[in-house]
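Accompanying notes for the structure given below.
The values are calculated or read from the model by the stated rules, or taken from the named source; none is laboratory data. The model shown is predicted, which means the values in this text are computed figures rather than measured ones. Cβ placement follows ideal geometry from the backbone for every residue including glycine, while neighbour counts extend to all protein chains displayed. All accessible areas refer to the heavy atoms of the entire protein, side chains included, with ligands and DNA or RNA removed. Shrake-Rupley method; radii C 1.70, N 1.55, O 1.52, S 1.80 Å.
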Number of protein chains: 2
Amino acid sequence: MRAQTATAADETGRLKGRIRQRQESAMLKAAEKVFARAGFQGATMAEIADLAGVPKATLHYYFGSKEELYRAVLDNILDLWLAETESITVDADPATALTTYVQAKMRLSARRPDASRVFANEIVHGATHIGEYLRTELRRTVEARAAVIDQWAAEGRILPVDATHLFFTIWAATQTYADFENQVCAVLGKPRLSVSDHQRATAHVLTVVLRTCGLPCVSGQPRPVSPSPANTTH
Amino acid sequence: MRAQTATAADETGRLKGRIRQRQESAMLKAAEKVFARAGFQGATMAEIADLAGVPKATLHYYFGSKEELYRAVLDNILDLWLAETESITVDADPATALTTYVQAKMRLSARRPDASRVFANEIVHGATHIGEYLRTELRRTVEARAAVIDQWAAEGRILPVDATHLFFTIWAATQTYADFENQVCAVLGKPRLSVSDHQRATAHVLTVVLRTCGLPCVSGQPRPVSPSPANTTH
DNA sequence: TCTGAAACTGACCATCTGGTCAGGTTTTTG
DNA sequence: CAAAAACCTGACCAGATGGTCAGTTTCAGA
């Protein structure tokens with residue numbers, strides 16, 4: 001089910017032509033943007049083709065149908081999603097591991113907001129295309145990592161916490177800066193999120209997660225309780 | 001811009017007929033469900049009409065266009081959104097106030113998931129219809145409540161925290177149980193969220209928010225999400 | 001250079017969908 | 001109770017959209 005852009009091998013195992021590789025990635029990029037902006041049904045093949053700078057028929061030459069193109073975009077995205085949890089292991093330092101994970105998630109929201117939006121859209125609208133992935137791979141991954149967090153708690157290295165739901169909260173809190181960027185911007189009164197906005201958001205989410213686990217902030221200045229410069233201005 | 005189903009008055013100030021009132025609400029209910037499931041573009045007037053049990057032409061008789069129907073659904077929802085923040089005042093007990101607010105948000109996710117999904121969809125896809133609302137009403141509300149939280153922090157009643165971003169986190173953490181219900185269910189390995197799942201989720205989110213603010217959990221047992229008549233009630 | 005394969009595309013089509021409207025029925029009102 | 005207003009709807013239409021295809025161009029390898 002997973003796209004194989006990394007190895008660029010098609011079903012027969014042969015390498016894809018250079019041209020095909022380059023074109024495909026351009027189309028996937030355009031498709032991601034359009035699907036993010038309009039959803040599956042709202043996106044049109046014509047718009048995607050325009051953005052990719054090719055005729056519509058060419059898009060159909062590469063991806064047989066809109067459905068197929070959508071799945072390709074989705075597969076491309078799922079690879080991003082599962083990664084990043086490796087930092088969470090029993091032997092790791094909880095504060096460091098969680099910080100690394102949250103930062104990775106925030107980085108993803110900042111760098112690939114369209115990917116996050118396509119993913120969000122897919123789930124809101126019933127997850128018909130990735131339900132299987134959620135029920136198998138994602139579930140297994142979460143169970144494994146939740147077990148680690150439970151272990152940390154059992155050893156008294158963090159406060160007891162519902163590990164599975166903690167993941168839901170981390171995903172929600174981080175992805176909101178991509179999926180709901182418009183709302184965040186509107187409330188902050190800015191046209192878009194700057195780098196420092198993202199830094200502040202990251203610091204905040206880290207605060208939430210670490211305090212939830214009863215851990216002090218790791219990176220930057222150690223300031224578990226004292227007022228932080230990040231929180232003061234408004 | 002706000003729909004006036006509460007007063008049932010049209011633009012001229014006259015009361016709407018009984019028939020119109022009943023029909024309209026049936027159509028809005030159907031529309032909310034379909035828009036939630038398929039998004040604005042993906043929803044079809046025919047499907048909404050079918051679900052409402054009326055011919056398509058009747059739907060157009062009540063709501064001139066798809067756009068108009070969508071705005072009506074949205075307006076209906078926005079009223080839900082701004083409420084619930086009254087509990088957050090300078091004089092209130094922080095723990096109690098935050099608990100009340102989070103519980104209210106969780107209740108909304110449990111009882112009106114479709115409303116939440118329509119809202120989510122609208123924002124993900126650019127917030128073209130409610131951008132003004134976000135930039136004005138919502139922003140003002142958040143600024144006011146954030147000031148309260150800052151005040152609490154200044155008085156040492158809670159730990160310092162980025163108040164505005166705290167709202168983003170609360171919204172994200174609570175609405176994820178509506179918007180991303182599919183993902184949550186998939187990871188939990190359940191076909192849908194039970195009442196006890198919602199209780200557990202509420203307890204978790206409360207833990208996150210209260211620990212973030214350095215507060216103890218109030219009333220040992222968080223108030224349960226009252227048994228929801230599902231998405232049915234309006 | 002030649003040749004087959006891959007890449008490409010303009011033109012076209014079937015279908016779906018939002019929207020209209022003329023004419024009918026029911027409800028309200030004077 | 002009659003007229004007016006509100007309500008309702010089958011049938012229809014124009015435009016948009018996903019998808020097709022036959023024919024052309026470009027590329028890679030012998």
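Within a straight-line Cα-Cα reach of under 17 Å, A:LYS33 can be paired with the following aspartates and glutamates, leaving aside sequence neighbours fewer than 8 residues apart in one chain: A:GLU24, A:GLU47, A:ASP50, A:GLU67, A:GLU68, A:ASP75, A:ASP114, A:GLU122, A:ASP179, A:GLU181, B:GLU122. Across the stretch B:165-175, rounded Karplus estimates of 3J(HN,Hα) from the backbone phi angles (6.51 cos²θ - 1.76 cosθ + 1.60, θ = phi - 60°) give 5, 4, 5, 4, 5, 5, 4, 4, 5, 7, 6 Hz, Gly and Pro being marked x. Coupling constants for the stretch A:183-192 follow from the phi torsions by the Karplus curve (6.51 cos²θ - 1.76 cosθ + 1.60, θ = phi - 60°), and in residue order they are 5, 4, 4, 4, 5, 6, x, 10, x, 7 Hz; glycine and proline get x.
Peptide A:36-45 shows a mean partner chain C-beta count of 4 within 10 Å per residue C-beta.
Each part reduced to its alpha carbon centroid, the stretch A:156-171 and the stretch B:48-104 end up 31 Å apart. Here the Karplus curve 6.51 cos²θ - 1.76 cosθ + 1.60, taken at θ = phi - 60°, turns the phi angles of the stretch A:81-97 into couplings of 6, 6, 4, 6, 8, 4, 4, 8, 10, 4, 7, 5, 6, x, 4, 5, 4 Hz, with x standing for Gly and Pro.
The C-alpha atoms of chain B define a longest principal axis, and helix B:195-212 lies at about 50 degrees to it. Among the residues of A:210-216, the average count of other protein chain beta-carbon atoms within 10 Å of the residue beta-carbon is 3. Identify, among B:GLY156, B:PHE63, B:VAL142, the residue whose Cα sits farthest towards the positive end of the charge dipole of the stretch B:45-164, taking +1 on the Cβ of Lys and Arg and -1 on the Cβ of Asp and Glu, with the dipole about the Cα centre. Positive-most Cα among the choices belongs to B:PHE63.
Going by accessible surface with a 1.4 Å probe and the largest first, A:ARG37, A:ARG145 read A:ARG37, A:ARG145. Diagonalising the gyration tensor over the Cα atoms of the stretch B:83-212 and scaling each eigenvalue by 5 before taking the square root yields semi-axes of 26, 20, 11 Å, largest first.
When you count, for each residue, the other Cβ atoms within 10 Å and take the mean per peptide, how do A:63-74, A:99-110 rank with the highest first?
On the way: A:63-74: 17.6, A:99-110: 20.0.
Sorting A:63-74, A:99-110 by mean packing, highest first, produces A:99-110, A:63-74.
Under the simplified labelling scheme, the A:ASP93-A:GLU68 pair shows an inter-label distance of 5.1 nm, with each label point 7 Å from Cα along Cα→Cβ. For the protein assembly as shown, the extents of the C-alpha atoms along the principal axes are 71, 59, 40 Å, listed from largest to smallest.
Scan the stretch B:85-166 for GluC sites (Glu not before Pro) in coil per DSSP, keeping those whose Cβ has at most 10 other Cβ atoms within 10 Å, and list them by number. Mind dumping the intermediate values first?
Details: sites: B:GLU86, B:GLU122, B:GLU132, B:GLU137, B:GLU143, B:GLU155; in loops: B:GLU155.
Those that pass, being in a loop and sparsely packed, are B:GLU155.
Throw me the Rg/Rh for chain B, computed over C-alpha atoms with Kirkwood Rh, two decimals. With Rh from the inverse mean 1/r over Cα pairs, Rg/Rh is 1.00. Hey, which of these cross-link pairs are over 25 Å Cα-Cα: B:LYS29/B:LYS56; A:LYS105/A:LYS190; B:LYS66/B:LYS190? Result: B:LYS66/B:LYS190 exceed 25 Å.
Across peptide B:148-160, how many C-beta atoms of other chains are within 10 Å of each residue C-beta, on average? Could you put the intermediate results ahead of the total?
On the way: counts 0, 0, 3, 0, 0, 3, 2, 0, 0, 0, 0, 8, 9.
Other-chain Cβ atoms within 10 Å of each residue's Cβ, averaged: 2.
May I ask for the angle, rounded to the nearest 10°, between helix A:113-124 and the longest principal axis of chain A, with both axes built from Cα atoms and the value confined to 0 to 90°? Approximately 90 degrees, to the nearest 10. With the highest mean first, a sort of the peptides A:46-53, B:87-94, A:26-33 on other beta-carbon atoms found within 10 angstrom per residue produces A:26-33, A:46-53, B:87-94. Evaluate E = 1/(1 + (r/R0)^6) for A:GLU86 and B:SER25, where r is the Cβ-Cβ distance and R0 equals 60 Å; express this FRET efficiency to the nearest 0.05. So the FRET efficiency works out to roughly 0.75. Computed over the stretch A:18-74, the alpha-carbon pair-distance distribution with 5 angstrom bins reads 4, 23, 38, 26, 7, 2, 0, each value a whole percent.
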